Amino acid sequence: MKSNQFADIAFPTAVRRVFTYEVPAELNLQPGMRVWVPLRSEFAIGMAVRIHDQKPDFKTKPIRRVLDDEPVMNDIMMKLTEWIHRFYYCSWGEAIQAALPVGLNFSSEKRLQVVKGIDAALSHQEKEMLDDIESASMTLKEAQKRWREGADKKRLKKILKEGFVEIWEEPRQNVNYKKVKHWQLSESVNPSVILNELTESDRNKKWVQAFAELAEMELPVTHQTLLKGKLFTSYTLNRVEEEGWIESVDLPVKGLEADNGLHQPELIKTLSDQQQTAFEEIRESLDKKEFKSFLLFGVTGSGKTEVYIHALKHALEQGRGGLVLVPEIALTPQTVQRFYQIFGDQIAVLHSRMSERERFEAWQHLKSGERRIAIGPRSAVFAPVQDVGLIVVDEEHDTSYKQYDPSPRYNARDVAIMRSYMENAVTVLGSATPGMVSVQAVKDEKHSLLHLSLRPTGTMPTVQILNMLEYKSAMKGPLTIELFNEVKGALNRKEQVILLFNRRGFASYLQCENCGHIPQSPESSTSLTYHKKKNILLCHYSGYSRRADSKCEMCQSTNLKTKGSGTQQVEEEIIELFPDARVLRMDRDTTSGKHGHQKIYDQFLSGGADILIGTQIVAKGLNFPNVTVVGVINADTELAFPSFRSGERMFQLLSQVAGRAGRAEKPGKVFVQTWKPDHPAIKHARTHDFKSFSRAELADREMLQFPPFSRMIVFQFKCNYEGKVQRVAEAFCEALRAELGVNGVSGPSPSVIEWMNGQYQWEANIKLNKAYRATAIEDLLNRVFDRFDTSKPKGASAVRINVDVDAVE
Ligand code: ADP
Ligand code: ZN
């Protein structure tokens, strides 16, 4: 009997178990390959995660087809996704789904396939239908569309039901290279011969000159690129084609290099002494080829990026590859350009606004080893870089590394560390304001600390706190008189200003001056924000919007007033205050579209505006040498958010935004307007004193046993019936308490957003000893769910329970 005749298959559903199938002898199956198997009454795509010879005690079904010739995931990625499956308590298939691009994951298309020979019993029309299906390799959707009416519809149903045609679920493959028009010389055309034979007057013709220039170029070139040149127009090109000298071909376009700047590896910088010391420690670990993790703590502008670049270069010299994670690629065009400058085509850029095809392409370049460095946000941690030597996590504290929805709710920083461990690679976590988790990990000797305390160019900006209490009667619009004067001064000196306004549309709402009513979102328990330009009310949680009311819903009064201010309103007030200044706004509204952010960024950098107003996103990773004044208009909104991390967030936000000033020769000043000048986050941010801040913050956390002194797991319960959510949440907490004791569990209680998209939301959380590892978490949660299953209330299946390990709210 053949061994290895069974395979465990993972599916991208919430069910956490894998399913065992039989492997027919003729199939060549390895772990990491996708298969096509019967599942319940249908077929589905799954991933073979284990192949073995342990016969289960139920009757197994055979695998129908293997979809890949070679594994789409290697052993390490299989192990890494398995770890995610246990640690973040999702299904293995969900973790695999997150790690693979469309085209290689589980997304599929239902196709029809004729399986029985033509039967004499079939009618003429039915035979025709079978013929059509066979010759057109139709999807189920196409067939249903084509035969959607009357007798046709019945016929299709019949041949499906009687098994003449079967529904196959095939991997979706609309990710082929996109082809565009290129020009090349026609075969056996010799341009110099042609040009020599022309008369003088012919040679003066524009289209002949265009040909002469083409003859000098490296062909083929895309039509679009040529149109940028003066001589080339559709007319001149078509005219040359008419002569038969050139021809057009449709070829795949390669790469996104165009936006990445120039490849000039000779411009790599010589490291400063501090940078060199940090680099040498990393190099030493790289040379040992063993796992090690570093926290590179360096003030903003201290040259962390240069250290990453040197370390990556070393990894490449060792013949290994690297990963660079950045918070959000659209927000860090400069960072990408700096890596591109040194590494050129060795880099594959992955970003959230790429098309499926572009992503698939980048993935293939890495998997084939053609490119050896991946740079991208969260999901780039799964990039199939070959032989990883180094993983960099820039701005390691950034909350965008945590995925919230859908499952897996992973933190890319922690996955990066685990992947490094599995690859015998080195992780470098970099930040000017590391998260408390990483700071504590240094204390626990899990990470080694590398410190950059100096800026190679420029100085640290001064930070001045403006107590709003003292300026109540000295305001110019949203600015204290002090900040107003500073902005004016900068404008007079032809310098640039950044004004940070925390949160898009925050607190801009309509209020009735008669009865005080504020319009509420019908889809979440929050106020609607008012967007003046479009005159709409918008719910930022559910996306609900409607035309702004002209009468109060409650008392019918027409006396409605706009209250608070959003970025738009601040923009208008600033324009009024500085009528001669050119003002730009950067927030989620103005940066939609593929290059929205880049455009605003380029415009401001090139001096196309004097004042940039924005939300948090202006604080991220940008570098504007001419900015000398940065104002934080409303520092307190972050502190108002109900989370034990709000102090940490506040400190990070202030430090990052302060880091935007004074990066070049000109000194920078930062002004923070606040009602709470004595808050530790604000006090210590003023003196750039991260150490004092983190000491105070960690002491508080330890006292309350908050992370990093515990591991927090948040459970969220969702359902469209309030009563059910509450009953299930309570029953679940009973199960938790039975396992963990009465004191280990908080909740349940309604979430901060109690109601969203028609769903009631409740929450509970537990704090585990931080020594809990993946298998311990899995065991515990398995026990809790088993217990809950035996005692769950009626209707519990209607309630969704999300598990969020190491939740970041
Ligand atoms: P960080 O990543 O720590 O915020 P950057 O790497 O962006 O800092 O460096 C800040 C500025 O200093 C950049 O303009 C960078 O080009 C410059 N810089 C960094 N290291 C050096 C160096 N060794 N020599 C010259 N300039 C440097
Ligand atoms: Zn009213």
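No value in this document is a laboratory result; all are computed from the given coordinates. No experiment lies behind these values; they were computed from the predicted model shown. Neighbour counts are summed over all protein chains in view; Cβ atoms, including those assigned to glycine, are modelled from backbone coordinates with ideal geometry.
If you take the charge dipole of the chain about its Cα centre, with +1 on Lys and Arg Cβ and -1 on Asp and Glu Cβ, which of HIS351, PRO625, LEU483 is farthest toward its positive end?
Among HIS351, PRO625, LEU483, the one farthest towards the positive end of the dipole of the chain is LEU483.
Let a ≥ b ≥ c be the square roots of the eigenvalues of the Cα gyration tensor of the stretch 339-445; is it rounded (a/c under 1.5), or, if not, prolate (a/b larger than b/c) or oblate?
prolate
Quick one: ILE600, ILE51, ILE373, fewest Cβ neighbours within 10 Å first, how do they rank?
Fewest to most other Cβ atoms nearby, the residues stand as ILE51, ILE600, ILE373.
From the phi of every residue in the stretch 400-415, what ³J(HN,Hα) in whole Hz does the Karplus formula 6.51 cos²θ - 1.76 cosθ + 1.60 yield, where θ is phi - 60° and glycine or proline is x?
Once rounded to whole Hz, the list reads 5, 6, 8, 8, 9, 9, x, 4, x, 8, 9, 10, 4, 5, 6, 5.
Using a cut-off of 17 Å between alpha-carbon atoms, which aspartates and glutamates can reach LYS488, once sequence neighbours fewer than 8 places away in the same chain are excluded?
GLU571, GLU572, GLU573, GLU576, ASP580, ASP610
How many angstrom lie between the C-alpha centres of the stretch 121-146 and the stretch 669-732?
Value for the Cα centre distance between the two parts: 60 Å.
A 27 angstrom limit on the alpha carbon distance is what I want to check against. Which of LYS718/LYS767; LYS141/LYS161; LYS718/LYS792; LYS691/LYS770; LYS402/LYS792 exceed it?
Over 27 Å apart, Cα to Cα: LYS402/LYS792.
Given a Förster distance of 30 Å, report the FRET efficiency between GLU370 and ARG65 from their Cβ-Cβ distance, rounded to the nearest 0.05.
Using R0 = 30 Å, I get an efficiency of 0.55.
If I model a spin label at GLU266 and GLN209 as a point 7 Å from the Cα along the Cα→Cβ vector, what separation in nanometres do I get?
3.3
For the chain, what is the relative contact order in percent, using Cα pairs closer than 8 Å and at least 6 residues apart in sequence?
Computed over the chain, the figure is 10 percent.
Pick out, in residue order, every one of the trypsin sites (Lys or Arg not before Pro) in the stretch 415-500 that is DSSP loop and has at most 16 other C-beta atoms within 10 Å; say none if there are none.
LYS446, LYS472, ARG493, LYS494
Figure the gain on full extension for GLU284 and LYS181 (residue separation times 0.36 nm, minus the Cα-Cα span) and round it to one decimal in nm.
Additional length available on full extension: 32.2 nm.
Can you list the residues, at least 5 places off or on another chain, whose amide H is less than 5 Å from the amide H of LEU499, using H built in the peptide plane?
Residues meeting the amide H criterion: LEU612, ILE613, GLY614, GLY631.
At 0.36 nm per residue, minus the direct Cα-Cα distance, what do ALA25 and PHE785 gain on full extension? Give it in nm, one decimal, please.
269.8 nm
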